[in-house]
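*Asks:* Okay, handing you the structure first.
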Amino acid sequence: MDKVQRDAWFVREVLPLEAALTRFFERHWRSREDVFDLRQELYAKLYEAASRNGLPLNTKAFAFSAARNLMIDRVRRDQIISIEFVADLESIGTAVDVSASDRQATARLELGRLRSALATLPPRCREVVRLRRIEQLSQKEVAARMGITEDTVERQVGKGIRLLADQIFGRDEAASEKAGGSGRRRRGAS
Amino acid sequence: MGQAENNHRAEAIEERAAAWLAKMDRADLNEAERAALEAWMSEDARHRVAWLRLHAAWSRTRRLSALKIPLDRKNRPVRRDGFRKAMRKAGPMGQAAAGVTACALLLAGGHFAQLQIWGQPHTTEVGGRMVLPLSDGSRVELNTDTRVRIAVNGLRRVVWVDRGEAFFSVAPDANNPFLVRSAGGHVRVVGTRFSVRRISERTVVNVSEGRVEVAPEGERDRVSARRGDRVVMMSGSADLVHLGGEAVDDELSWRQGRLLFRSAPLSQVAEGFNRYNTRKLRIQGEGVAQLRIGGAFEASNVISFASALQETYGLRVEIRDGDIFVSE
């Protein structure tokens, strides 16, 4: 099974679990700041497992199980002996997070969600993304329109992509009003 | 590595992935850059997954283009009547389905068999146009490079758009809904006028008159659209934007053999012409591609358009191997 199929599987089946996985980590890990790193490592491990052993039959169960094991391994590796903490993690068992909303994002809400995501961006970044994606201007045209350099536009696009990904994957229908579960400290304004 | 360092590294990886994407968003990568990106992604699974995640998010934001407000004749933004999306559950659809099933039972002698509906194919070549009057009084107009299949009779009315674009004037018949099937789902009407354009996995519906129901595959809910609305349908989604009656009519100027643009980049205008002509316009150079063009053009007269580019913008126009090359 080739890279293209694996990549497609990752986007189609793993990324929709992001909000639930993030909440899972946040609930069971001692420090919120670490969640972003935990999640990235989990994704990498899931991807590598798919490489070695093929796609899992039940991606969701596999992902949560791997998430739990990851936390246990880390605690052991870091040798932070907190007996209650380890016992607590091990008691999670392989039960899948029941609050995770499994169904594919309701498509008719997608455009609304994208608009909301756009609205959460800091002003300059938002304007760049708006001109790029709604008005469909090239980065060069955006620079001219806004009176900034093309390098700046490129940087703002990069920034926008990261913030938008947190919104798009980090939130789900049932999530709290807190914007995006990125699991890390948010930087200051643009 | 302490956890603080882990966190920094994770952030740095994501920043790098975002930087690559932003760079690609600005301009195509050259050979060396593409090799560097591949190398970076292969270095570590973390790099790859960070990239996949950000790339997936950025791609999804393409749908925001549905919100673009077109310009009117005076190059002002068309006033939007609000972002409307009326949802309705399937209702009378059941009736049509029952009609088809009953027919199948009769034909197969009571033995339920899959009814194969066969449609009469019709095609146009590049630059071609065809008007097809149907037995129920409806009319289908085919645009350039289009293929449809038609199955219209007293029991059911179905047209498949396999490729290209068609405009429908549907004769009212409440007992026999008219269905147009295309990529991503189907459109259902009782009697109205609208166009359906299929672009690979997407279908764009422009409503000229009356009311149309767009039913994306995989979704229970339908999107109801009226005059001036445009709906972009893909499997699992249908997005509606109100363009306004005039803007929709502009989109349909091909029915009079014309292409209408209001301040569109030359690259887009060239794509438009290339749908209608075998002699293709090839735009060379990013600067030239981004030039803004406005006006109404005869779709089949690409040579005269190219001459106009030469005169008005001082561009270099060369005909080579049958195609027209435009550069600075």
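*Asks:* Please specify each residue of the range B:209-234 satisfying the condition of being closer than 17 Å to residue B:252 by Cβ, part of a strand (DSSP E or B) and open to solvent by 10 Å² or more (accessible area, probe 1.4 Å). Talk me through it step by step, then tell me what you get.
*Replies:* Our first condition is that a residue be closer than 17 Å to residue B:252 by Cβ; within the range B:209-234, this holds for B:209-210, B:212, B:225-232.
After this cut, where a residue has to be part of a strand (DSSP E or B) as well, the list is B:209, B:212, B:225-226, B:229-232.
B:209, B:226, B:230, B:232, listed by residue number.
*Asks:* Specify the residue that is most open to solvent (accessible area, probe 1.4 Å); the eligible residues are those in the range A:3-27 that are touching a residue at least 40 places away in the same chain (Cβ under 8 Å) and within 11 Å of residue B:53 (Cα to Cα).
*Replies:* Per the stated criteria, the residue is A:16.
*Asks:* Now for a different question. Being more than 8 Å from chain A (Cβ to nearest Cβ) and touching a residue at least 12 places away in the same chain (Cβ under 8 Å) is the filter here, so list the residues in the range B:1-19 that pass it.
*Replies:* Going residue by residue through the range B:1-19, those that are more than 8 Å from chain A (Cβ to nearest Cβ) are B:1-2, B:4-5, B:8, B:12, B:16-17.
Passing the criteria: B:16, B:17.
*Asks:* Cβ-Cβ under 7 Å, sequence separation 6+ or interchain: first residue in the range A:33-44 and within 7 Å of chain B (Cβ to nearest Cβ), partner outside any helix (DSSP H, G or I). Which pairs?
*Replies:* A:33/A:184; A:33/A:185; A:36/A:182; A:36/A:183; A:36/A:184
*Asks:* Which of the residues that make up the range B:277-328 are under 25 Å from residue A:139 (Cβ atoms), of a type in the set (A, V, I, L, M) and within 24 Å of the chain's Cα centre (by Cα)?
*Replies:* Scanning the range B:277-328 gives B:281, B:283, B:289, B:291, B:293.
Residues are listed down the side, and each one gets a yes or a no for (1) over 19 Å from residue A:39 (Cα atoms); (2) modelled with pLDDT of 75 or more; (3) open to solvent by 20 Å² or more (accessible area, probe 1.4 Å):
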residue: A:109; (1), (2), (3): yes, no, yes
residue: A:120; (1), (2), (3): yes, yes, yes
residue: A:126; (1), (2), (3): yes, yes, yes
residue: A:130; (1), (2), (3): yes, yes, yes
residue: A:151; (1), (2), (3): yes, yes, yes
residue: A:160; (1), (2), (3): yes, yes, no
residue: A:163; (1), (2), (3): no, yes, yes
residue: A:177; (1), (2), (3): yes, no, yes
residue: A:189; (1), (2), (3): yes, no, yes
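*Asks:* I need the full set of residues from the range B:264-277 which are at pLDDT 90 or above and either more than 21 Å from residue B:322 (Cβ to Cβ) or not in a helix (DSSP H, G or I) (or both), in order please.
*Replies:* Within the range B:264-277, just B:277 meets the criteria.
*Asks:* Against the conditions (1) assigned to a strand (DSSP E or B); (2) in contact with a Phe, Trp or Tyr (Cβ under 9 Å, 6 or more places away or on another chain), where does residue B:255 fall short? Just the number, please.
*Replies:* (1)
*Asks:* Collect the residues in the range A:28-40 that are assigned to a helix (DSSP H, G or I) and open to solvent by 30 Å² or more (accessible area, probe 1.4 Å), keeping them in residue-number order. Can you show your working first?
*Replies:* Quick first cut of the range A:28-40, residues assigned to a helix (DSSP H, G or I) only: A:28, A:32-40.
Scanning the range A:28-40 gives A:28, A:32, A:33.
*Asks:* What number of residues in the range B:281-328 are out of contact with any helix residue (DSSP H, G or I) (no Cβ under 8 Å at 6 or more places or on another chain), hydroxyl-bearing (Ser, Thr, Tyr) and open to solvent by less than 80 Å² (accessible area, probe 1.4 Å)?
*Replies:* Of the residues in the range B:281-328, 2 are out of contact with any helix residue (DSSP H, G or I) (no Cβ under 8 Å at 6 or more places or on another chain), hydroxyl-bearing (Ser, Thr, Tyr) and open to solvent by less than 80 Å² (accessible area, probe 1.4 Å).
*Asks:* Kindly list, by first and then second residue, each pair from a residue in the range B:206-223 that is within 14 Å of chain A (Cβ to nearest Cβ) and touching a residue at least 24 places away in the same chain (Cβ under 8 Å) to a residue that is part of a strand (DSSP E or B) and open to solvent by 20 Å² or more (accessible area, probe 1.4 Å), limited to pairs with Cβ atoms under 6 Å and residues at least 6 apart or on different chains.
*Replies:* As it stands, the answer is B:213/B:188; B:213/B:222; B:215/B:186; B:215/B:222; B:221/B:87; B:222/B:88, since those pairs meet every condition given.
*Asks:* Follow-up question, since we're still on this one. For the range B:173-201, what are the residues that are in a loop (DSSP other than H, G, I, E, B) and either hydrophobic (A, V, I, L, M, F, W, C) or under 23 Å from residue B:240 (Cβ atoms) (or both)?
*Replies:* Within the range B:173-201, the first condition is being in a loop (DSSP other than H, G, I, E, B), and the residues that meet it are B:173-177, B:183-184, B:190-192, B:200-201.
Matches in the range B:173-201: B:174, B:177, B:183, B:184, B:190, B:191, B:192, B:200, B:201.
*Asks:* Let me ask you something else. Is there any pair with a first residue in the range B:38-62 that is facing another protein chain (nearest Cβ under 7 Å) and within 13 Å of residue B:18 (Cα to Cα) and a second that is open to solvent by 20 Å² or more (accessible area, probe 1.4 Å) and part of a helix (DSSP H, G or I) whose Cβ atoms are under 7 Å apart and which are 6 or more apart or on different chains, and what are they?
*Replies:* B:52/A:7; B:52/A:11; B:54/A:162; B:56/A:11
The values are calculated or read from the model by the stated rules, or taken from the named source; none is laboratory data. Fair warning: this is a prediction, and the values are worked out from it, not measured in the lab. Cβ coordinates were reconstructed from backbone atoms using ideal geometry, including for glycine residues, and neighbour counts include every protein chain displayed. We work out accessible area using only protein heavy atoms, side chains counted, and drop any ligands, DNA or RNA first. Shrake-Rupley method; radii C 1.70, N 1.55, O 1.52, S 1.80 Å.
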